[in-house]
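A quick write-up on the structure given underneath.
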Amino acid sequence: MASAMPLALLLLLCLLVSHTHGSRRVLFRSSDDAGASPPSNAACPSIASGHSNGNKVPLVHRLSPCSPLGGDDVRKHGKAALHEILNRDGLRMRYLSEVKASNQTAPATANVMSSLPGVFSYTALAGYGTPAQQFPVYFDVSGMSNLQCKPCSSGAGSGTCDRTFDPTQSSTFTTVPCGSPDCTVEPQTSSCASGGSCAFTFRNSTFLYANGTVVTDTLTLSPSATFEDFFVGCLQVDNQYFGDDGIAIGNIDLSRRRHSLATRALLSSPPGTAAFSYCLPADTDTHGFLTVAPAMSEYSSLAGVKYLPLVTKPTAPDSDWYYVDLVAIAVEGKDLPFPPAEFRGNGTFIDNLVDFSYLSPPIYAALRDEFRRTMAKYQPAPAFKYLDTCYNFTGIDYIDLPNITLKFGNGETMDLDDRQYMYFFREHLDEGFPFGCLAFAAYPTYGYNWLGTQVQRTKEIVFDVRGGQVAFVPSRCGLR
């Protein structure tokens, strides 16, 4: 089997994969792509214009040349730095674990994200209002929908404020009044005054804190994916968060909450329809898609589809996030020495904002040790923060990588592609050698297992909420 994978800032690593004695052989061929031209606008007209094909919305990495977030400025950024990815992962996991567990109230002012520009990786264009005002947004499976709105706060710069939603220009805009059943914005903190609008303090899954008002208007993702009276939080935040470096101005909620896009899609769709699906871009030079309400019949005749039941998180049965029943991991066909109960623990969360995958410390230690055993002939490289299983592949034409398989409670197994479990890069190093790390890590504080975006790449992920399952569909994304 052959596949191509562009990987680094100055080094293009092409991976030709074949199976030898149960492992996969990877061929490295390097070329300096510093002089390569970025894709022209003609290569991504639908992304640049925001037009969609039916209910399918183009999805791009924020640093893509096709991104609507910053044009030529975005092209200068290139690939996200590893330290930024790891810091972002840590912030998100700390919030989702600690705030959810303690039900603590976030202050209205602190903003620890100001030092991590461009934290949300995958964005699309969405319209809000009548006529639609179009903005770049990201998608989150764990938080309420929100947009930055006018009037802007005193700290916002003029350039930032120009890119925010203007309620006065929409004929269908309404505010939600205090006392309304819809003025329940948990886990946010509402602060209603009698007779006023539904005000709240917003806390999302990556430490964005702001004050806002709950409103409704028309959300337009495509001509066939339009939702009237769609609830969002109109936020007043300054340019420390929504700055001039290409960050989206809001997010669309894909969780199972009452006012999320997933719930609204199901309410307006016939039986046999999934809530949504997405294919994440494999890198900054490719694009993916978000599909609203795809028919499950689209997948019934496809080969290799893995259907996994959505399960309840043991310690939070009312959670509106998406969990699957991971019960084992095998390396080269050998299961790690843990019973299913050890994997189930606090659940395995499918996340679209954490890049790498994180396991409880005992499970990760076993995976790391077995992986290192199979890679013993290669020169170790220094750890980089959470990624502690890294290698120096200087002068090597071929490397043999072990097969890694995820196993689930319903008997399904999923063999990971090397692009799903290896991270290759060169930044932060003086020498020019290919540097690769196992894209799994331990996160001892939190106890969840997290399936991040890297392990989801190359597959379409279908969230069949009504049917209680999620499907991993191969060969639907395309790498370019």
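The values are calculated or read from the model by the stated rules, or taken from the named source; none is laboratory data. Note that this is a predicted model, so its numbers are computed, not measured. When we count neighbours, we look across all protein chains shown, and the Cβ atoms used for this are built from the backbone with ideal geometry, even at glycine. The accessibility values were calculated without ligands, DNA or RNA, using every heavy atom of the protein model including side chains. Shrake-Rupley method; radii C 1.70, N 1.55, O 1.52, S 1.80 Å.
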Taking Glu332, Glu370 and ranking on accessible area (1.4 Å, protein atoms only), highest first, one gets Glu332, Glu370
Judged on accessible area alone, 1.4 Å probe, highest first, Lys385, Lys306, Lys313 line up as Lys385, Lys306, Lys313
Calculate the spin-label point distance for Ser268 paired with Asp166, positioning each point 7 Å from the Cα along the beta-carbon direction, and give it in nanometres. 2.6 nm
Within the stretch 334-378, report the trypsin sites (Lys or Arg not before Pro) that DSSP leaves as loop and that have at most 13 other Cβ atoms within 10 Å. Lys377
Long-range amide H partners of Leu59, meaning residues 5 or more apart or on another chain whose placed amide H is closer than 5 Å, are Gly288, Phe289, Leu290
Using the Karplus curve 6.51 cos²θ - 1.76 cosθ + 1.60 with θ = phi - 60°, work out ³J(HN,Hα) for each residue of the stretch 334-342 in order, rounded to whole Hz, and write x for Gly and Pro. 9, 5, 5, x, 9, x, x, 4, 5
So how many Å³ per residue does the convex hull of the Cα atoms of the stretch 236-359 work out to? 193 Å³
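To the nearest 0.05, how large is the calculated FRET efficiency for Lys334 and Ser224 if R₀ is 41 Å and r is the Cβ-Cβ distance?
On the way: r = 48 Å, r/R0 = 1.16.
Efficiency at R0 = 41 Å is approximately 0.30.
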A correct Karplus calculation of ³J(HN,Hα) over the stretch 311-324, with 6.51 cos²θ - 1.76 cosθ + 1.60, θ = phi - 60°, whole Hz and x for Gly and Pro, returns 10, 8, 5, x, 8, 8, x, 9, 4, 9, 8, 10, 10, 10
Mind listing the Cα extents of the stretch 287-366 along all three principal axes, in Å, largest one first? 39, 35, 25
Sorted by chain and number, the residues with a modelled amide H under 5 Å from that of Gln469, at a separation of 5 or more or across chains, are Leu310, Asp464
Ordering Ser357, Ser269 from largest to smallest accessible area (1.4 angstrom probe), what's the sequence? Ser269, Ser357
Nearest-0.05 FRET efficiency for Glu342 and Lys150 at R0 = 41 Å, using Cβ-Cβ distance, is 0.20
Kirkwood hydrodynamic radius of the stretch 332-475, from inverse mean 1/r over distinct Cα pairs, in Å: 16.4 Å
Long-range amide H partners of Ala439, meaning residues 5 or more apart or on another chain whose placed amide H is closer than 5 Å, are Met422, Tyr423
Please give the FRET efficiency for Thr184 paired with Asp415, using the beta carbon to beta carbon distance and R0 = 51 Å, rounded to the nearest 0.05. 0.75
Sticking with the crude label model, points 7 Å out along Cα→Cβ, report the distance from Thr174 to Arg258 in nm, one decimal please. 1.6 nm
Which ³J(HN,Hα) values in Hz, rounded to whole numbers, follow from the phi angles of the stretch 276-282 under the Karplus curve 6.51 cos²θ - 1.76 cosθ + 1.60, where θ = phi - 60° and Gly and Pro get x? 6, 9, 8, 10, 7, x, 6
